[in-house]
1. Could you tell me whether Val123 is within 18 Å of Ala211 (Cβ to Cβ) and either open to solvent by 20 Å² or more (accessible area, probe 1.4 Å) or in a helix (DSSP H, G or I) (or both)?
2. Would you point out which residue out of Val220, Val238, Val213 is modelled with pLDDT under 95, open to solvent by less than 40 Å² (accessible area, probe 1.4 Å) and touching a Gly at 6+ places or on another chain (Cβ under 6 Å)?
3. Which of (1) surrounded by fewer than 17 Cβ atoms within 10 Å (Cβ to Cβ); (2) within 30 Å of Thr134 (Cβ to Cβ); (3) in contact with a helix residue (DSSP H, G or I) (Cβ under 7 Å, 6 or more places away or on another chain) is the odd one out, the single condition Gly196 does not satisfy?
4. If I ask for residues that are surrounded by fewer than 15 Cβ atoms within 10 Å (Cβ to Cβ) and aliphatic (A, V, I, L, M), which ones from segment 126-149 would you list?
5. Inside segment 233-291, counting only strands (runs of 3 or more DSSP E) that do not spill past its ends, which hold 2 or more residues that are closer than 30 Å to Ala73 by Cα and touching a Ser or Thr at 6+ places or on another chain (Cβ under 7 Å)?
6. Taking only pairs six or more apart or across chains, which ones have beta-carbon atoms under 7 Å, a first residue in segment 33-58 that is at positive phi, and a second residue that is at pLDDT 80 or above?
7. Restricting the first residue to segment 60-79 and requiring it to be without any contact (Cβ under 8 Å) to a residue 40 or more places away in the chain, which pairs with a second residue that is open to solvent by less than 10 Å² (accessible area, probe 1.4 Å) and not small (Gly, Ala, Ser) meet a Cβ separation below 7 Å and a spacing of at least six or different chains?
8. Yes or no: segment 22-44 includes at least one residue that is touching a helix residue (DSSP H, G or I) at 6+ places or on another chain (Cβ under 8 Å) and open to solvent by 70 Å² or more (accessible area, probe 1.4 Å).
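The values are calculated or read from the model by the stated rules, or taken from the named source; none is laboratory data. The shown structure was predicted, so the numbers you read here are calculated from the model rather than taken from an experiment. Methodologically, a virtual Cβ is constructed for each residue, glycine included, from the backbone with ideal geometry; neighbour enumeration extends over all protein chains shown. These accessible areas exclude ligands, DNA and RNA; they are computed on the full protein's heavy atoms, side chains included. Shrake-Rupley method; radii C 1.70, N 1.55, O 1.52, S 1.80 Å.
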Amino acid sequence: GLGFVHPTWRIFGARTGRWSATDTAMQTIPKEVRYKLHEGREIVIKLRNLFRARPGYVLVEADYSQLELRIVAMLSGDEKLLDWYSKGYDVHTMNAADIWAKDWGTFSEDKRKKVRDLAKRVVYGLNYGGSAETVWKSLIVDFPGLPFAAIQHVVEGWFKAHPRIQEWQSALIAKAEIDKYIEEPLSGRRQYYHDGKIKPTEVLNFPIQGAAVTLANRAVMAIAGQLNWTDEALLAQVHDSTVTEIIESKKVKLFSIVKESMEQTVQLNGNLVKFPVDLKWGTNLAALKAA
């Protein structure tokens, strides 16, 4: 028979306000798992294959594009990031081109993709207070043989090109040391340190993750208010995306509802940032295609 998954959702299940789910933990299911067998053989199981739409229905997944880095641009007021986003540039490619400026013109397309991915991964670690050493240790598994000097090069290049971000991070930590709390600016939600001992990584993480939560929650409420819930449903809010379901013949209607509900423009401290989404659809969560 057809089995249905009914997770228990906690809309304030995490410190930052992010949703969490149990029985089934939808937000912690990896895209795939790999099992090594004898003689070097390997089995790859795509876990998202387990999640499929009902017969006659399709799934629609809408994922915010670079949500957290856009929030960093907005909160820090970094002029270069704000300019790149306003012009619709691929920020991670622009960043890699900045950091490897002397050699970028000689890189092959494959080399550019690799250094773009490396720079992207390093930057996300730095956004949450990671040091060059901790970021290097977290990446060495995916980048075997990666020299520490390469991470140092990215770290130095990033903060040289984006001094406002480093200034903003230092100011956040200094303020938290005095106030003994950190605040998410869009909702005013706070994380208190009642023992007086702040945790710098939490201080940097909370405003970014908290703002992401605020934007996602606004989107969920807007989507839910426009569905008829007879042949349309909001199934999950997973990290920076929503998963909805509708009869296939009506999918274009759902594309419009989700896109209009999720895409937001926010102005904070004079900084205007647009938060676009990427839409995908299909019957199998592991094999969705662009809308």
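1. The answer is yes for Val123.
2. When all the criteria are applied, what remains is Val213.
3. Every listed condition holds for Gly196 apart from (3).
4. Ile140, Val141, Leu146, Ala149
5. Correct list: 271-275, 277-282.
6. So the pair list comes out as Gly56/Ile247; Gly56/Glu248.
7. Note: pairs meeting the criteria are Gln66/Val91.
8. Checked segment 22-44: at least one residue is touching a helix residue (DSSP H, G or I) at 6+ places or on another chain (Cβ under 8 Å) and open to solvent by 70 Å² or more (accessible area, probe 1.4 Å).
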